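Before any comments, here is the structure.
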Amino acid sequence: MASQSEAALENNLIKTLVDGGYEQVLIKDEKELESNFKQQLERFNNTTFTDDEFKKILIHLEGGSIFEKAKKLRDQYELSREDETFYVKFLNKKEWCKNIFQVANQITMEGTYKNRYDVTILINGLPLVQIELKKSGVELKQAFNQIKRYQLHSYHNLFNYIQIFVVSNSVNTKYFANNEDLNFNFTFFWKDKNNNNINNLEDFATTFLEKCHLSKMISQYIVLNETKKSLMVLRAYQYYAVEAILESVSNKSNGYVWHTTGSGKTLTSFKACQILTSREDIDKVMFIVDRNDLDYQTTKEFNSFSAGAVDGTDNTNALIKQLKGKNKLIITTIQKLHRAVKGKAKQLENYRNLRMILMFDECHRSQFGDMHKDITNFFTNINYYGFTGTPIAETYQTFGDEIDRYTMDQSVADGLTVPIKYHPRIAKVLLDENKIKEIENYYKLCADEGA
């Protein structure tokens, strides 16, 4: 098949997006970008801004790093008017399909050098996704390096609100989060539910760039890492796992997630917890770990996603206070929660019927004795989910169905894990025959040589 020129790729991509509901808009330069932004922001907020008011909005948006701008995007701006304070919204994070979607190409920006950008996706008038194209046969890293040059030479003001970059040479396409220090190792292929890459640009455009899905990715599946002051966008398998949990919660069924060691279960589980806390039908979300696992690194990771999220003390009264308080997300140890429901049940009597979601980390350990039973029997309106990299018989028996899987062989194929040769002994587990075959086919437990 003959390779297409970059101009042909642009035109085909824009046509696909327009067919999918985007509005094509012609924007030549920064002045026209700001003019379009004013119009779309007025549409989105159902109001009209005077020139002076819009200038104040632009001044508010100017300051700060990429990380700080990402926070502003998700927040509101208090605009003082003569008779009221008007709260300007920049993004609809809950009803993401109700945002305004536009696509433009060849916007010219001047900085150290004058640059023209291939394809820009604007949401509510802000450039939130930038796509750099190369004709087939050209390595993706060339498109990535071009974005780095643009970032150095001409990205400024509204273009610092970009959340996601996309690079494609038509036959291969990857996405990554915007940060001041870009790294090609953190570029990802989008995938289907079976972990097959969606490489082709047109297929990527109809799946990942579908307007509601893209808006959902920006609204829900980008994490602002407080420790590193950086944006993190979830990989496809993390996205599917969280979506599976949300569906199970709606169906009021339990289950477990099998994601191999090193696949980012902490980020996946935290994102599931964070989304669930935003739901009005959920009263509390508890992430539960074994005391031996609540080490410095785990605490640091969770606190990087949400400052002060982890209470690492053994104080049961502090946990009870959290259960009674307004904070919907609680991160605690199974030992502390067990002491609370057994030793201080009377204090929790009025709270045992709350609609609660329990998330158990490393659920192949410490979840199969009396502590787990006492906790899940005490609360009357719960669903619970386990995360494990090594499911065993009790995982299935305790948590029920597997709701998502990302195994070692998939991680190796994706280049996330170094392949390791295992000894052939298979752990014997008390599962039905099909379940045994599934686990034997996908994961072999290590054994010492000669054992």
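Near ASP29, the amide H atoms lying under 5 Å from its own belong to THR108; only residues 5 or more places off or on other chains count, and H is placed 1.01 Å from N.
Extension gain, GLN106 to LEU416: 0.36 nm times the residue separation minus the Cα-Cα distance gives 108.1 nm.
Would you compute, from DSSP H runs of 4+ residues alone, the mean residue ellipticity of the chain at 222 nm, taking -39500 (n - 2.57) per run and dividing by the full residue count, rounded to the nearest 500? Mind dumping the intermediate values first?
Numbers: 16 runs with 171 residues, N = 451.
That calculation yields -11500 deg cm²/dmol at 222 nm.
For the chain, what does the accessible surface come to per residue with a 1.4 Å probe? Please give it in Å².
Working: 21260 Å² over 451 residues.
That works out to 47 Å² for each residue.
Rank by packing, highest mean first: peptides 98-107, 318-327, with packing defined as the count of other Cβ atoms within 10 Å averaged across residues.
Numbers: 98-107: 19.8, 318-327: 14.6.
Per-residue Cβ counts within 10 Å, averaged per peptide and sorted highest first, yield 98-107, 318-327.
What's the FRET efficiency of THR380 with ASN315 using the Cβ-Cβ distance as r and R₀ = 22 Å, to the nearest 0.05?
Details: r = 25 Å, r/R0 = 1.15.
After rounding to 0.05, the efficiency reads 0.30.
Counting only protein chain heavy atoms and rolling a 1.4 Å probe, the accessible areas of MET359, MET232 rank, largest first, as MET232, MET359.
Kirkwood hydrodynamic radius computed over the range 86-176 comes to 14.1 Å, based on all pairs of distinct alpha carbons.
Excluding THR380 itself, what net charge comes from residues whose Cβ is under 15 Å from its Cβ, given Lys and Arg +1 and Asp and Glu -1? The partial results should precede the final answer.
Working: positive: LYS252, LYS284, ARG352, ARG355, LYS373; negative: ASP283, GLU349, ASP374.
Around THR380, the charge tally is +2.
Please label the shape of the range 180-256 as rounded, prolate or oblate, based on the square roots a ≥ b ≥ c of the eigenvalues of the alpha-carbon gyration tensor (a/c under 1.5 means rounded; beyond that, a/b larger than b/c means prolate, else oblate). In terms of gyration-tensor shape, oblate. Label separation (LEU152 vs THR207): 3.4 nm, computed from points 7 Å beyond Cα along the C-beta direction. Taking all protein chains as they are arranged and a probe of 1.4 Å, the heavy atoms of TRP96 leave approximately 50 Å² accessible to solvent.
The 1.4 Å probe gives accessible areas that order CYS97, CYS212, largest first, as CYS97, CYS212. The accessible-area ordering, largest first, of the residues GLU23, GLU280 stands as GLU280, GLU23, per a 1.4 angstrom probe.
Other residues with beta-carbon under 10 Å from the beta-carbon of LEU9 carry, at +1 per Lys or Arg and -1 per Asp or Glu, a net charge of -2. Its residue count N fixes a reference of 2.2 N^0.38 Å for the chain, and the Cα radius of gyration divided by that reference is 1.08. Rolling a 1.4 Å probe over the protein heavy atoms of the chain, with every protein chain left in place, gives an accessible area that is 45 percent carbon and sulfur.
The length gained on full extension between TYR77 and SER65, counted as 0.36 nm times the residue separation minus their Cα-Cα distance, comes to 2.6 nm. Exposure check, 1.4 Å probe, all protein chains in place: TYR87 carries approximately 110 Å² of accessible surface. Amide H contacts for VAL103 (H built 1.01 Å from N in the peptide plane; partners 5 or more residues away or on another chain; cut-off under 5 Å): GLU23, GLN24, VAL25, LEU122. Of all DSSP beta bridges confined to the chain, the antiparallel ones make up roughly 50%.
Rounded to the nearest 0.05, what FRET efficiency do CYS97 and LYS56 give with R0 = 25 Å and r taken as the Cβ-Cβ distance? Could you check? For R0 = 25 Å, the calculated efficiency reads 0.30. At full extension, SER250 and LYS114 could sit 43.9 nm farther apart than now, given 0.36 nm per residue minus the alpha carbon distance. Take ILE27: with every protein chain present and a 1.4 Å probe, its accessible area is about 10 Å².
The values are calculated or read from the model by the stated rules, or taken from the named source; none is laboratory data. What you see is a predicted model; the values in this text were computed from it and never measured. Cβ coordinates were reconstructed from backbone atoms using ideal geometry, including for glycine residues, and neighbour counts include every protein chain displayed. Surface areas here come from the heavy atoms of the whole protein model, side chains and all, with no ligands, DNA or RNA. Shrake-Rupley method; radii C 1.70, N 1.55, O 1.52, S 1.80 Å.
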